[in-house]
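Quick notes on the structure that follows.
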Amino acid sequence: MDKKKKTNEWKRHGVQALWALFTNSYLIGFAQGKIYKGKLKNLCVPGLNCYSCPGAVGSCPIGAMQAVIGSWNFKFAFYVAGFLMFIGALAGRFVCGWLCPFGLFQDLLHKIPCCKKVQSFKGDKLLRKLKYVILAVFVILLPMFLVDVLGQGAPYFCKLICPAGTLEGGIPLVIFNKSMRSALGFLYAWKNILLLMTVILSILIYRPFCKYICPLGAVYSVFNPISVFRYRVDKETCTDCGACARACKMQVDPVENANHSECIRCGACKKACPVKAIH
């Protein structure tokens with residue numbers, strides 16, 4: 001990767017970092033070890049940003065959906081579903097590439113030059129279907145049918161799987177809130193094991209959580225082909241040199257399908273095209 005491409009990539013990381021800071025700007029929460037519960041928490045942010053992060057000023061749409069999907073009497077359920085469809089129809093997985101704090105975390109980990117990176121492996125394509133199964137089971141079915149007397153389901157994905165929640169919420173709360181330490185148990189240890197596995201895999205594989213686990217990415221991927229913001233390839237200009245496919249870390253060939261469900265709109269293919277055929 002030449003110097004210009006590296007500069008462009010770091011510009012994207014700058015946008016990611018600024019957005020992460022903006023959506024987690026309640027900095028006093030870290031000092032107090034408490035979660036912000038103001039009116040802004042009624043609003044969702046586009047990316048996977050943990051509600052329990054001490055600095056979070058908005059709600060994660062996946063966490064919010066799990067909390068209310070068990071009862072359609074709550075207007076908030078329609079709001080969350082509408083929010084996801086609006087963002088998806090507008091930008092698709094652009095959110096994954098530019099506005100997700102956990103995406104930035106994985107991007108930076110993958111830059112660690114410790115060993116040979118794994119581009120692909122046997123079963124990779126099949127494993128990418130796992131995020132749709134997780135979306136259906138942990139985000140929709142379990143919270144919908146296993147509910148309390150108020151019709152609210154437990155956030156099973158957040159509770160049992162989400163490493164982003166552990167990084168952004170679990171660890172900071174345990175560090176800064178003494179009362180939280182007395183409640184630690186097997187579940188906290190299990191979530192930290194999953195986070196550690198994600199860290200190791202992120203060094204070796206580009207964005208393993210986004211590729212195989214993230215239910216929010218699964219939702220947005222459905223809208224990739226029809227979103228307002230999407231890629232277009234000028235077939236008359238394209239020389240089929242393959243530079244765009246080689247530049248894509250999500251293993252997408254833009255010439256074959258410029259708006260593949262795995263495309264996170266990072267712009268690497270567009271920058272790599274020598275004839276500027278991607279718009």
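Quick notes on this structure:
- Candidates per chymotrypsin sites (Phe, Trp or Tyr not before Pro) in segment 65-135, loop by DSSP, up to 11 other Cβ within 10 Å: Phe121
- Surface composition of segment 98-208: carbon plus sulfur atoms hold 77% of the accessible area, using a 1.4 angstrom probe and ignoring ligands, DNA and RNA.
- Of Cys241, Cys266, Cys53, the residue with the greatest mean-square motion in the GNM of the chain, using alpha carbon springs below 10 Å, is Cys241.
- Sequence-distant lysines (8 or more away, or on other chains) whose Cα lies within less than 30 Å of Lys178: Lys34, Lys37, Lys39, Lys41, Lys159, Lys191
- Helix runs (DSSP H) in the chain reaching 20 Å along axis by Cα, Kyte-Doolittle at least -1.0: 75-91, 186-204
- Heavy-atom accessible area order for Val275, Val228, largest first, 1.4 Å probe: Val228, Val275
- Computed with the Debye formula from one identical point scatterer per Cα of segment 144-279, without solvent, the log10 of I(q)/I(0) at q = 0.10, 0.11, 0.21 Å⁻¹ comes to -0.51, -0.59, -1.19.
- Mean ellipticity per residue at 222 nm, deg cm²/dmol - from DSSP H runs of n ≥ 4 across the chain, formula -39500 (n - 2.57): -13000 deg cm²/dmol
- Averaging 1/r across all pairs of distinct Cα atoms in segment 130-202 and inverting the result yields a Kirkwood radius of 13.6 Å.
- Summed over the residues of segment 89-142 and divided among them, the accessible surface reaches 53 Å² per residue at a probe radius of 1.4 Å.
- FRET efficiency, Lys111 to Asp148 (Cβ-Cβ, R0 45 Å, nearest 0.05): 0.55
- Among the trypsin sites (Lys or Arg not before Pro) in segment 215-253, those located in a DSSP loop and surrounded by at most 12 other Cβ atoms within 10 Å of their own Cβ are Arg232, Lys235.
- Nitroxide proxy distance, nm - points 7 Å out along Cα→Cβ at Leu187 and Met85: 3.2 nm
- Taking Asn177, Asn49, Asn24 as the candidate residues, the one with maximal mean-square fluctuation in a Gaussian network model of the chain, Cα springs under 10 Å, is Asn177.
- Mean sequence separation of contacting Cα pairs (under 8 Å, at least six apart), scaled by the length of segment 66-202, corresponds to a relative contact order of 33 percent.
- A simple count of charges around Lys131, restricted to other residues whose Cβ falls under 12 Å of its Cβ and scoring Lys, Arg +1 and Asp, Glu -1, yields +4.
- With all protein chains in place and ligands, DNA and RNA left out, the 1.4 Å accessible area ranks His13, His260, His279 as His279, His260, His13, largest first.
- In the complete set of protein chains, residue-level accessible area for Met85 is approximately 110 Å², probe 1.4 angstrom.
- Rolling a 1.4 Å probe across the protein heavy atoms gives segment 171-274 an accessible surface of 50 Å² per residue.
The values are calculated or read from the model by the stated rules, or taken from the named source; none is laboratory data. Just so it is clear, the structure is predicted and the values come from calculations on it, not from any experiment. Using ideal geometry, Cβ is built from the backbone for each residue, glycine included, and neighbour counts are taken over all protein chains shown. Heavy atoms of the whole protein, side chains included, go into the accessibility calculation; ligands, DNA and RNA do not. Shrake-Rupley method; radii C 1.70, N 1.55, O 1.52, S 1.80 Å.
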